[in-house]
Amino acid sequence: MSRRVVITGMGVVSPNGCGKSNVIDAVRWVLVESEALELCGSTLLDVICNGPVSRKPASRASVDTLFDNSECMAQGQWAQYAEISVKRMLTRSGDSSYYINNIQVRRKDVYDLFLGTGLGGDAYAIIEQGMISRIIESRPEDLRAFLEEAAGVAKLDLVGYYLAGAEGALQGVRDRPMALKRFVNGAAGEAFFQKRAPDNRPDWLRTVTLSFPSGRTADEIVLDDAAGLAWIVNLGCIDLNPHPVRADDLEHPDELRVDLDPVPGVPWDDIRRVALVTREVLADHDLVGWPKTSGSRGIHINVRIEQRWTFDRVRRAALALAREVERRAPALATSKWWKEERHGVFLDYNQNAPHKTVFGAWSLARGLVAVWTSMSSLASGAAVLRATSCSSEAGTTRSRKPAATASSGR
């Protein structure tokens, strides 16, 4: 039994029961899908037709797909072909074989063929019927993950992004221990934080031992170069989450972090205005803040300080800063800790507590760095800050007066 289906344009639309899901499953299967549940079966042998009452069961399943390579998206030995045929065959004995242009290849060869193209077993540009309701009901940050998954954003693309922007990303994480936020099931899956560095890490990757109030310790990753960035992305890390301390002194932060966290319903323009008030307060104390978008809806402002004060003193300074911003903009900002008492934009001073990490600059999807001139000119509802590389001043310390602020305990 065989059937030829030609898919062109942007979608496959037909009444219920016409076989759309079968077509999608066939595409997934030939593109090295290995999970039977993803193909609506209990075992991979379920893809072989058992036949109706009047027919004998088939002895094998075979799907042959033809891809247009006129834009030369394929790489390596297949780049020369305008059309590329990919075939997968499975017998009832469990033997599976793959073919590219009628040449038998390994499963890995098929997987490698589609790297960076938006196709593949776990990253192809098709949104299935069952995903529609999930997409419609998703939060904005989850919706972006769905779209990236459907667009085929793979690890290779993430590595390329971080290598291209390594200079900017490393300014925010270099020489800092960091927690690994891993998306092992793809961008649309659940992430988990891993404090301890994997045992099978390369010898050249540095770690430092952090101690926790519970008495436990953890060796956390410290990035020094672009190779380290590429390595953690390969573990499934989409964004960077550094600590506010340097590896040579884990007890004294060199960054005071201002987290502008809006309550639901607060417009972007209000967040921007609170950021500008924060800048004024910092300037009054001879402090320089470096703004960037957060991992959600807010803005982070990182302030470099000398490594002289404990976490407690830096947190007290952040609280004093939050209260002063609240005093100057009472209709827009709040420093109230209890959620039921908050309004507008909450200045989360507790991000300066020990062992807190924040969404790093230049992290994918968000984490863009902004200059204050662009922050001032952004109109209400602006979705993206104008990205720019941190100037050399971002890595310096300006803290003669900041020191007084931190030591005062306000």
Three-way shape call for the range 290-335 based on the alpha-carbon gyration tensor, with the a/c threshold at 1.5 | oblate
Using every alpha carbon pair in the range 159-214, what percent of pairs falls into each 10 Å bin from 0 up to the bin containing the largest distance?
-> 18, 41, 37, 4
What chymotrypsin sites (Phe, Trp or Tyr not before Pro) does the range 300-338 have in DSSP loop regions with at most 13 other beta carbons within 10 Å?
-> 337, 338
Please list the non-local residues whose amide H lies under 5 Å from the amide H of residue 179, H modeled 1.01 Å from N, same-chain partners needing a gap of 5 or more.
-> 241, 243
Between the range 208-225 and the range 258-331, the Cα center-to-center distance that results, in Å = 27 Å
Under a cut-off of 29 Å between alpha-carbon atoms, report the lysines in cross-link reach of residue 108, not counting same-chain residues fewer than 8 places apart.
-> 20, 87, 155, 181
Using the count of nearby Cβ atoms within 10 Å as a rough guide to exposure, how do 326, 341 rank from fewest to most?
-> 341, 326
Relative contact order [Cα under 8 Å, 6+ residues apart], the range 176-228, whole percent = 36 percent
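Read-outs: derived from the displayed coordinates by stated rules, not from any lab. This is a predicted model, so every value here is computed, not measured. Counting neighbours? That spans all protein chains shown, and the Cβs are built from the backbone with ideal geometry, glycine included.
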